[in-house]
Structure formats: structure tokens, C-alpha cells
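Single-structure report; data block below.
The values are calculated or read from the model by the stated rules, or taken from the named source; none is laboratory data. Being a predicted model, the structure only gives us computed values, none of them experimental. Positions of Cβ are generated from backbone atoms using ideal geometry, with glycine treated the same way; all protein chains shown enter the neighbour counts. The protein model used for the area step is the full one, side chains on, heavy atoms only, and it has no ligands, DNA or RNA in it. Shrake-Rupley method; radii C 1.70, N 1.55, O 1.52, S 1.80 Å.
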Amino acid sequence: MDRRKSLKSIVLGSVAGGLALHGCKPSAETEELVESPKMTYPGRVPLEEELIAELQEEEFLNPHEMATLTILCDLILPGSEEFKAASDADVVGFIEFMAKDNPRYQPDLRGGLMWLDHKCNTEFAKEFKDCTEEQQKSILDPIAYYDPEIPGNERPFEVNFFSLVRNLTMTGFYTTKIGIEEIGYKGNMPNVWDGVPDDVLAQHGVAYEEEWLAKCVDQSKRGVTAEWDDNGNLIT
């Protein structure tokens, strides 16, 4: 499995959990029904729209930090003739938005970018964005991998910084139209089920009953809602 495929597998297994939404649990002391807020395109309530607008008006990363982070994200997810780069999907814009929405990210992001410049100044007398790709990778390689047995709070700061940026880069890229198309995800698609394949049935020595086939696999009845009798037997 190449590096790009490895990163995709990480995304498919973790993005959903990493971006889970948290709801509010109703109080047990009241039974008052609350009217659901009216939804606006694309499925956001007005309060969400207002919050998003406020966050977009704010500025967290300065131009130097934006430029540095853009290079870093493209090193994590580079482009090629076949694939798009992180910057093609404006991943840095996504990371800045996440930092404004979750201020706990801000110290690690800003501190990590400062660490990159300090390290490059020490090693090469240049800022990270002005280094060659080979020099940049020589700084990143030692912090790109960590021992999963070591708790996060015991790892070096720069290791956790790179891990955070890598996770946000993958999440930001593969939740955009570009990233979704690269994965080939098409969402839930209607299809026609005509039963278990004959070779599989034969392998297990079983077969469908004609009556059952007529009720469950007859495509002319796809729009008919199934009904059962009081004993749990399928009627239609």
C-alpha cells in the first residue's frame, strides 16, 4: 500500500469520529416540547449560520503563518499528475476555521509554526518556508512518527503539533468535493437486490422457496410495503 492509500485508509476510519457532533440532552425535569428550529441551506439553522459568519470575519493566522502552513500541508498531502494537493482544497482555510471554532487548537498551531521556523533558523539560517524541500523534510521526518504506546501528554510538543496538522489536513481535504471524488465515495445509491447469488447458496446447500422468492425478490413489488401476520409470517 503506497503512502497516499495509507492516508486514505486513516481518513475513512477516523474522520467521522473526529468530527462528531454533540447534541443537548433534554432535562428530565420538564416535558415541554420545543419547536425544532427552521433549517436553512445546506441544512444549518440560523444560529449556526450566524456563528459561521462571525468566525469567518475573525482572523487567527497571519500571512506568514498561512504561507508556512500551506507548505506544510502540501508536504503532508502533495499533489501529482494524478492527485490534487492539500492547497487545491484550501485545507489551510479549513484549519484556520477549526482553530477559531476550537480555540484549544490555537496554542499548538501557532507554537508549532514558531517551532518550525526556529528549528530551520538553527539548522539552515532560514525560515521554514524559505528552505528547500529536502531541508523541510529533514526537519519533519523525525517528528512525523510517534510511538503509540507513549501517551500524548508525554510526547514532545513538536510531535503532537505535526500529528494535529496531519489529522486536520486529512480531514479538511477528504471532506471537500475534491477529496470525496478522489476516494470515489458516491453516498447511498439505490440498487436492485435479487437475492443471494446461486453459487453462494449452493456452497451452503440451501435454496430459496418459490413462495418466498415471489414475496421478497420480485422486483415488480419493490414499492410494496411488507406486512406480517400476528405470528410473524410474511404476508406480502
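Values for this structure:
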| item | result |
| --- | --- |
| The range 77-106 residues that are over 23 Å from A144 (Cβ atoms), paired with ones that are surrounded by fewer than 15 Cβ atoms within 10 Å (Cβ to Cβ) and of a type in the set (V, I, T) (beta carbon under 9 Å, 6 or more apart) | F97/I52; D101/I52 |
| Single match in I76, I143 (criterion: open to solvent by less than 50 Å² (accessible area, probe 1.4 Å) and within 16 Å of the chain's Cα centre (by Cα)) | I76 |
| Condition check for Y174: surrounded by 14 or more Cβ atoms within 10 Å (Cβ to Cβ), of a type outside the set (K, R), farther than 22 Å from V92 by Cα and touching a Lys or Arg at 6+ places or on another chain (Cβ under 9 Å) | no |
| Matching residues in the range 114-160 - criterion: being of a type in the set (D, E) and either part of a loop (DSSP other than H, G, I, E, B) or at pLDDT 90 or above (or both) | D117, E123, E127, D130, E133, E134, D141, D147, E149, E158 |
| Residue among D108, D90 that is open to solvent by 50 Å² or more (accessible area, probe 1.4 Å) and under 24 Å from P156 (Cβ atoms) | D108 |
| Residues of the range 52-63 satisfying the condition of being in contact (Cβ under 8 Å) with a residue 40 or more places away in the chain and part of a helix (DSSP H, G or I) | L55, Q56 |
| Residue within the range 94-103 that is of a type in the set (V, I, T), within 30 Å of E57 (Cα to Cα) and either outside any helix (DSSP H, G or I) or in contact with a helix residue (DSSP H, G or I) (Cβ under 9 Å, 6 or more places away or on another chain) (or both) present | yes |
| When residues of the range 183-212 are limited to those that are among the aromatic types (F, W, Y) and surrounded by 10 or more Cβ atoms within 10 Å (Cβ to Cβ), the one modelled with the lowest pLDDT | W212 |
